[in-house]
Amino acid sequence: MPDRRAIVAGLLATAAFPAASQGARLQKAISTIVPFKASPFPYRGKLPDGSGPFLDVDANGRHGHTSPRGGIYWEDETYRDRSTLLAIPKGFDPARPAVIVVFFHGNGATLQRDVVGRQRVVAQVEASGLNAVLVAPQFARDAQDSSAGNFWTPGYFAKFMAEATPGLAKLTGAKAAKFEAMPVVMVAYSGGYNPAASVLGNGDIGGRLLGVILLDAVFDESGIFADWIAHHRKSFFVSAYGKSSASGNAEIRQALAGHGIDASSDPPRRLEAGTVALLASDAAHDTFVTRAFVGNPLQWLLARMSGFAR
């Protein structure tokens, strides 16, 4: 079930900080958690390899999924949360060039407790100075499961983004058309690699994707990431990694070398078209979103995007 306290807190925040008038900078930060119709879960389809249904357990009508790491998780506890976090930093100006940052959380997470609180994703986006809004869907709730759910289905992520458009417009006071064409930066931490790889493999948002940031996240699907980099040389790709995903990043580096692409090992001075960097770190996996090759790595990287200053 959705985190009711988080939803209520978000609604109160929206009520306390009314949306800006058309074309005006926001005077207060806005953060809310709302249910989406086009959410990753519930999901009643098959596994992406077609080997069987996602919900492979039926206990007297109660459905569950067998996760390789977590065992059986029940749909009514883990795979029914439709929550999505929408956040607008103070000073966001819809009249200026802007981007949508989409964040895919990892295992064992909820939006309010982890994405907002522990990992400080909302705070990092605001502190970056980027003229950006944040969208973060809930995947498997507080579970050791990286499943993408409906995002495995081609075209579904585009539906999710289309649903985010009117929500962002309402919060900011800008016209929906502003967000429909806004470029996107996709960020994935840890188990967020699975939905990220699905979105890239399906090509759901095409030319809108400015770049990808992975935070200790290449646990599989290295071929999809390498192929996307090779065929999207006008976009940027940065993967910061620790010991947990070192082998997956090594596979990406090797695959890129086969395409004649040399991935940098140094933190980029600027995030721009064609930037490809694989950044090693000795930081712990569990705190990687707040401490990696630098403190607050998401903030550090977003601050290096040019052309979208708040």
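Annotations
- Cα principal axis extents for the stretch 164-310, largest first, Å: 44, 31, 27
- Using alpha carbons only, the radius of gyration of the chain set against its Kirkwood radius gives Rg/Rh = 0.95.
- The 3J(HN,Hα) values that the Karplus relation (6.51, -1.76, 1.60; θ = phi - 60°) gives for the stretch 242-252 are, in residue order, x, 5, 4, 10, 4, 5, x, 5, 5, 5, 5 Hz. Gly and Pro appear as x.
- Computed from label points 7 Å out along Cα-Cβ, the spacing between SER306 and GLU180 is 3.2 nm.
- For the stretch 240-292, the C-alpha radius of gyration divided by 2.2 N^0.38 Å, with N the number of residues, is 1.20.
- Near the amide H of ALA29, within less than 5 Å, lie the amide hydrogens of LYS90, all on another chain or at least 5 residues away, with H placed in the peptide plane.
- Cut-off under 5 Å, modelled amide H: who pairs with ASP145 long-range: GLY108
- Order of VAL199, VAL218, VAL57 under a 10 Å beta carbon neighbour criterion, fewest first: VAL57, VAL218, VAL199
- Difference of contour (0.36 nm per residue) and Cα-Cα distance, ASP56 to GLN27: 5.6 nm
- Look at the alpha carbon pairs under 8 Å that are at least 6 residues apart: their mean separation over the length of the stretch 4-302 gives a relative contact order of 16 percent.
- Sequence-ordered 3J(HN,Hα) estimates for the stretch 98-109 from the Karplus curve with 6.51, -1.76 and 1.60 and θ = phi - 60° stand at 9, 10, 9, 9, 9, 10, 9, 6, x, 5, x, 10 Hz, glycine and proline given as x.
- Here the stretch 58-116 and the stretch 269-310 have alpha carbon centers that stand 22 Å from each other.
- Modelled label positions at GLN254 and ALA280, each set 7 Å beyond Cα in the direction of Cβ, lie 1.5 nm from each other.
- Amide H within-cut-off set for PHE237, under 5 Å, with H built and near neighbours excluded: VAL212, THR275, VAL276, ALA277
- Likely footprinting exposure, THR165, THR84, THR287, fewest C-beta neighbours within 10 Å first: THR287, THR165, THR84
- Note on PHE219 and LYS37: the model spin-label points, each 7 Å out from Cα along the C-beta direction, lie 3.3 nm apart.
- Kirkwood radius, the stretch 89-138, all distinct C-alpha pairs, inverse of mean reciprocal distance: 11.5 Å.
- Rounded to the nearest whole Hz, the Karplus-based 3J(HN,Hα) values (6.51 cos²θ - 1.76 cosθ + 1.60, θ = phi - 60°) of the stretch 171-182 follow the sequence 5, 9, x, 8, 6, 4, 4, 4, 8, 4, 9, 5, with x at glycine and proline.
- Here the residues LEU47, LEU302, ranked from fewest to most Cβ neighbours within 10 Å of their Cβ, fall in the order LEU47, LEU302.
- Antiparallel %, DSSP beta bridges [both residues in the stretch 4-302], to 5: 40 percent
- Expected 222 nm ellipticity per residue - DSSP helices of 4 or more, -39500 (n - 2.57), all of the chain, to 500: -8000 deg cm²/dmol
Read-outs throughout are calculated quantities, based only on the coordinates presented, and are distinct from any laboratory measurement. Note that the structure is predicted; figures quoted are calculated from it, not measured. Every residue, glycine among them, receives a Cβ derived from its backbone with ideal geometry; neighbour counts consider all protein chains shown.
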